[in-house]
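Every number here is computed from the coordinates shown, using simple stated rules; none is lab data. This is a predicted model, so every value here is computed, not measured. In this analysis, Cβ positions are derived from the backbone assuming ideal geometry, glycine residues included, and neighbour counts consider all displayed protein chains.
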Amino acid sequence: MAIDEKLVPLPGQPQQLSLGTAQARNLATTTKSPPQMQGITSRWLLKMLQWVQISGGTFRVNRRLTYAVGDGRVTFTNTGARVQVIPQELCELPILRGYDDVEVLNALANRFVQHEYKPGDVIVEQGKPADAIYLIARGKIEKVGTGKYGEQTVLGVIADGDHFSYEALLESQDYWQFTAKAVTPAIVLTLQQSIFDDIIAQSDTLRRHVEQFKARARKPQESGEAAIELAAGHKGEPDLPGTYVDYELHPREYELSVAQTVLRVHTRVADLYNNPMNQVEEQLRLTIEALRERQEHEMINNREIGLLHNADLKQRIHTRSGPPTPDDLDELLSLVWKDPGFFLAHPRTIAAFGQECNRRGVYPQVTDLGGHKVPAWRGIPILPCSKIPVSDTRVSSVLLMRTGLEKQGVVGLHQTGIPDEYQPSLSVRFMGISEKAIMSYLVSAYYSVAVMVPDALAVLENVQIGRSYE
């Protein structure tokens with residue numbers, strides 16, 4: 001008869017008197033948690049937006065026609081990261097002041113090419129051929145040239161809406177008299193002299209205007225939105241003015257974006273390992289969580305629909321000293337002052353703001369938001385969002401927005417009632433079983449985000465985080 005060696009205690013060891021826990025676990029029922037995923041976040045943006053139901057996958061934002069002519073600065077529109085000059089705004093250029101042929105202005109506006117520069121990049125170089133028109137859509141640029149005593153000096157600083165043209169036509173100079181260098185990240189639109197000359201050759205009106213532009217004198221016009229003529233008073237019987245409200249001829253249209261993936265589950269897993277948790281349901285739950293995370297990321301960062309790229313150029317500001325300060329958030333509030341909804345910032349940016357408040361002896365409020373205690377500034381919640389990028393140089397952004405269709409704010413877009421809908425505007429479509437007995441499901445989430453009017457969204461850019469003080 002064999003004796004189990006495990007039952008014989010070694011010399012000096014106490015004899016085991018009961019069943020051990022290691023053996024007992026083989027007969028026990030284990031309590032298991034559902035599958036966990038660290039990538040799931042609070043997704044405050046998706047929670048806080050009003051979601052507007054659209055049809056046909058497209059949402060058109062009709063706006064009142066707006067442009068300002070006569071203030072010496074060029075105005076631009078941006079669709080995502082793509083920037084365009086308003087054709088009528090080309091009349092701010094000295095060479096086109098007073099010119100009113102809309103068809104030719106449209107042709108000129110469409111020929112400008114967008115360029116993006118980093119701080120320190122040279123845009124034009126002194127002594128090189130002056131052969132283009134430059135429009136500063138965004139950023140600060142220094143004009144460096146030769147000073148009074150022959151030294152290199154900063155001749156001037158130009159910024160948003162400013163412009164400089166090719167001197168060969170304006171001042172009969174063939175070469176740049178200065179070097180233009182970007183001080184901050186900059187967006188510049190350029191039109192080559194050769195293209196401008198081609199359009200002049202095709203238009204008699206533009207050719208005559210260019211020949212006479214130095215002699216032209218134009219009275220500045222009132223800036224602002226296209227005027228609505230009104231009368232006010234209570235005496236007499238004055239003639240009432242006639243008016244109408246003009247609209248943008250080509251309004252922005254938002255098409256729904258889609259985040260998709262194919263979920264695969266082996267039938268053997270679904271058949272045999274389906275208790276106590278449904279394997280297909282758990283796989284689907286985590287897949288949908290990942291799609292929603294990607295959805296929020298795209299709604300912030302996508303170059304076509306993302307909020308960071310769709311903020312109007314005039315609604316973007318820089319910090320005063322680098323880190324996010326109470327003064328910077330106050331300036332954001334001055335841009336979205338009509339019923340602001342919430343700030344959105346990376347958690348590290350929120351921590352940096354707290355450090356600045358501590359340094360100044362200022363203590364931000366805490367507000368209750370659906371049972372969650374979140375920091376606030378001037379009563380406006382500051383919500384965390386890890387989708388807002390932080391660069392390698394520890395630079396990020398802060399968004400402030402007004403939400404809701406009735407408030408002309410930022411709204412989310414979706415289309416409900418789609419085939420095989422699992423959640424609003426999210427479908428799970430069974431695609432069949434392969435010859436290897438693998439089930440496939442197409443999971444699709446449709447979404448977009450729209451800014452109704454420019455002052456519904458503002459961005460604080462180039463926010464430095466992690467700055468230390470002695």
Here region 455-462 yields Karplus 3J(HN,Hα) values (6.51, -1.76, 1.60; θ = phi - 60°; whole Hz; Gly and Pro given as x) of 7, 7, 9, 9, 10, 8, 9, 6
Could you go through region 137-143 in sequence order and give the Karplus-derived ³J(HN,Hα) for each residue, using 6.51 cos²θ - 1.76 cosθ + 1.60 with θ = phi - 60°, rounded to whole Hz, and x for Gly and Pro? 7, 7, x, 10, 10, 9, 9
Output the relative contact order of region 76-215, whole-number percent, from Cα pairs under 8 angstrom with separation of 6+ residues. 31 percent
By its C-alpha gyration tensor, with a ≥ b ≥ c as the square roots of the eigenvalues, how is region 76-215 shaped: rounded for a/c under 1.5, else prolate for a/b larger than b/c, else oblate? oblate
Can you tell me which of 426-438, 104-116 comes out highest on packing, and rank the rest after it, using the mean Cβ neighbours within 10 Å? 104-116, 426-438
Residues whose placed amide H lies under 5 Å from that of Ser257, excluding near-sequence neighbours: Tyr447, Ser448
Report for region 252-464 the percent antiparallel among DSSP-assigned beta bridges with both residues inside it, nearest 5. 85 percent
Going residue by residue through region 74-89, the Karplus relation 6.51 cos²θ - 1.76 cosθ + 1.60 with θ = phi - 60° gives ³J(HN,Hα) values, rounded to whole Hz and with x marking Gly or Pro, of 8, 10, 10, 10, 10, 10, x, 8, 8, 10, 10, 8, 5, x, 5, 6
With the cut-off at 21 Å, tell me which of the pairs Lys118/Lys140; Lys128/Lys314; Lys338/Lys387; Lys314/Lys338 have Cα atoms farther apart than that. Lys128/Lys314; Lys338/Lys387
If amide H atoms are built 1.01 Å from N in the plane of the peptide, which residues on other chains or at least 5 residues away come under 5 Å of the amide H of Trp176? Gly127, Lys128, Ala130
Per-residue ellipticity at 222 nm attributable to helices in the chain (runs of n ≥ 4 DSSP H, -39500 (n - 2.57) apiece, nearest 500 deg cm²/dmol) works out to -6000 deg cm²/dmol
For helix 279-301, report the angle its Cα long axis makes with the longest principal axis of the Cα atoms of the chain; keep it between 0 and 90° and round to the nearest 10°. 20 degrees
Using alpha-carbon positions, the gyration tensor of the chain gives root eigenvalues a ≥ b ≥ c; with a/c under 1.5 called rounded, otherwise prolate if a/b exceeds b/c, else oblate, the class is prolate
At what distance in angstrom do the alpha carbon centres of region 263-292 and region 12-42 lie from each other? 24 Å
Can you tell me the 0 to 90 degree angle between the C-alpha axis of helix 193-202 and the longest principal axis of the chain, rounded to 10? 60 degrees
What percent does the relative contact order of the chain come to when contacts are Cα pairs within less than 8 Å and at least six residues apart? 19 percent
Once Gln464 and Gln193 are pulled to full extension, the length gained, defined as 0.36 nm per residue separation minus their Cα-Cα distance, is 93.6 nm
The set of residues whose placed amide H lies less than 5 Å from the amide H of Leu369, leaving out same-chain residues fewer than 5 positions away, is Val374
Give the separation of the Cα centroids, region 81-106 to region 338-383, in Å. 42 Å
